[in-house]
Structures are given as C-alpha cells and as structure tokens.
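S.K.: Sharing a structure with you now.
The values are calculated or read from the model by the stated rules, or taken from the named source; none is laboratory data. The structure displayed is predicted, hence computed values, not measured ones. Counting neighbours? That spans all protein chains shown, and the Cβs are built from the backbone with ideal geometry, glycine included. Quick note on the areas: whole protein, heavy atoms, side chains included, nothing else; ligands and nucleic acids left out. Shrake-Rupley method; radii C 1.70, N 1.55, O 1.52, S 1.80 Å.
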Amino acid sequence: MSTEVDSSKFKEEIETARLALRKPQLADAEAIFSRFAADPEVTRYMSWPRHRSLDDTRAFLDFSDAEWMAGPAGPYLIFSRETGQLLGSTGLSFKSPSQALTGYKLARDAWGNGFATESLHAMVELARELGVHQLEAVCHIEHRASAHVMEKCGFVCKGVERVHTEFPNLSPGIRTDVWHYVRNF
C-alpha cells in the first residue's frame, strides 16, 4: 500500500467573497508573527503557546509543511482580497481520510467582521470536497464567540469534553474543559 499523498487533490488556494486563503510560505513568517501569533489577546484561547520569536513562527511553518505532506490540505493563511492584508489563519488537520479537525484565529483588527465565519465556511466546503465525513472543532468553555461561529457554520455541539485541552496561554500544564463541535457530511 502506497503512503504517497495524491497531490491532485491539493487545493493550496481558496477564494471566498472577501477572503483569499492559501498555504503558508516561509516568506510569511514575519507577518504571521506580528499580525497574530505573538499577540497575547489573539492567542489567549489557542492550544499552542504564543510565539515569542520568529523561530517559533518558523517552527509553525515546518509543522504546516508536514501537515501538507501528510494529507490533501493543512493550515491556510487568511488574507483580505481587497487589501491583501494578512488577517489570520485556519485549516484542516486530518485524523484519517474521512475525519478532520478545523479551527481559526484572526488578528485583533479583523475581529467582528464575519471573517471567522467566512473562513470556517470555506473549510467546511473544502472538507466536503475532500470526502471528509466528520469535521470536528473544539473551543475553550468560556470562548462563547468562537462557539457562536461554529454554530453559524452548521456545527452541532456534542457537549463538554472534560479536562480535554491545554491552553498554555491561559493555564500552562493544565487541561481544561472544551465545547466539542461536529459537522457531519
């Protein structure tokens, strides 16, 4: 059995009404770092530590490349189609060919404009196109805005998963309860 990934399924660029999503590149490191990855407010509810240096951002880019090598998609950067400005990131992480995880993060000045909903809709459509049967997402129990975005995108809350995820920017070393959302196709 071949472990080679079918690159014909790769969709490295996606456009929505207002957004352009694309696979991250090494040249994006400084913008990722300065726009959202080093921002304590943006990373507050993330399951990864806030970037403290460009080396942390380069490590994310290495992770991104590995995700893209392992499956037909991976992390995407979110840009404004109008201005070209980096707004945040989203993506798919595959647990199996039919099951994936998704999430998103946006720079503070991009909050409240519907970009999270628009980018999550793009991931839902991509997952459907790639033959995913179940798309999952989790969010911190106190992050109601994120839960609302998932609900607007057709995800169903399966309840609270107890002591599930570490949020190192809130409580390092401690696993916290999360809302578990699922979207079936």
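S.K.: Apply the Karplus curve 6.51 cos²θ - 1.76 cosθ + 1.60, θ = phi - 60°, to the phi angles in the range 89-105 and return the couplings in whole Hz, x for Gly and Pro.
M.R.: Whole-Hz 3J(HN,Hα) from phi for the range 89-105: 8, 8, x, 10, 10, 8, 7, 7, x, 10, 9, 9, 10, 9, x, 6, 8.
S.K.: Long-range amide H contacts for A38: which residues qualify at under 5 Å (H placed 1.01 Å from N, peptide plane, sequence gap of 5 or more or a different chain)?
M.R.: H51
S.K.: Here is a follow-up. What does the convex hull of the Cα atoms of the chain come to per residue, in Å³, rounded to a whole number?
M.R.: On the way: hull volume 23.3 nm³, N = 185.
Hull volume normalised by residue count: 126 Å³.
S.K.: I've got another one for you. With point charges of +1 on the Cβ of Lys and Arg and -1 on the Cβ of Asp and Glu, referenced to the Cα centre of the chain, which listed residue (V42, H143, Y76) lies farthest in the positive direction of the dipole?
M.R.: It is H143, whose Cα lies furthest towards the positive end.
S.K.: In debye, nearest 20: dipole of the chain around its Cα centre with unit charges on the Cβ of K, R (+) and D, E (-)?
M.R.: Around 440 debye, computed over the chain.
S.K.: For the range 117-122, take each phi angle, set θ = phi - 60°, evaluate the Karplus expression 6.51 cos²θ - 1.76 cosθ + 1.60, and give the result in whole Hz per residue in order, putting x for glycine and proline.
M.R.: 5, 5, 6, 5, 4, 4
S.K.: Testing the spin-label approximation: label points 7 Å from Cα along Cα→Cβ at E15 and Q85. State their distance in nm.
M.R.: Taking the two extended label points, one gets 2.1 nm.
S.K.: If a paramagnetic tag sat 7 Å from the Cα of H133 along the Cα-Cβ line, which residues of the range 56-74 would have the backbone N under 16 Å from that point?
M.R.: Nothing falls inside the zone, counting backbone N under 16 Å.
S.K.: Kirkwood hydrodynamic radius of the range 83-128 from all distinct Cα pairs, in Å?
M.R.: 11.5 Å
S.K.: Hey, if you drop one equal point scatterer on each alpha-carbon of the range 1-103 and run the Debye formula without solvent, what base-10 log of I(q)/I(0) do you get at q = 0.11, 0.18, 0.20 Å⁻¹?
M.R.: -0.35, -0.91, -1.10
S.K.: Is the shape of the range 81-185 best called rounded, prolate or oblate, per the rule: a/c under 1.5 gives rounded, else a/b larger than b/c gives prolate, else oblate, with a ≥ b ≥ c the square roots of the Cα gyration tensor eigenvalues?
M.R.: Note, shape of the range 81-185 comes out oblate.
S.K.: On to the next question. Return the FRET efficiency for the residue pair R52, H164: r is the Cβ-Cβ distance, R0 is 30 Å, and the value is rounded to the nearest 0.05.
M.R.: 0.75
S.K.: Please report how far the C-alpha centroid of the range 118-153 lies from that of the range 53-73, rounded to the nearest whole angstrom.
M.R.: Using only Cα atoms to place each centre, the spacing works out to 21 Å.
S.K.: Here's another thing I want to ask about it. For the range 31-157, give me the percentage of DSSP beta bridges that are antiparallel, rounded to the nearest 5 percent.
M.R.: Given both bridge residues lie in the range 31-157, the antiparallel proportion sits at roughly 80 percent.
S.K.: Moving on. With n ≥ 4 as the cut-off for DSSP H runs, can you work out [θ] at 222 nm for the chain, using -39500 (n - 2.57) per run divided by the number of residues, rounded to the nearest 500?
M.R.: Rounded to the nearest 500, the figure is -7500 deg cm²/dmol.
S.K.: Can you give me the solvent accessible area of E142 with a 1.4 Å probe, rounded to the nearest 10 Å²?
M.R.: 130 Å²
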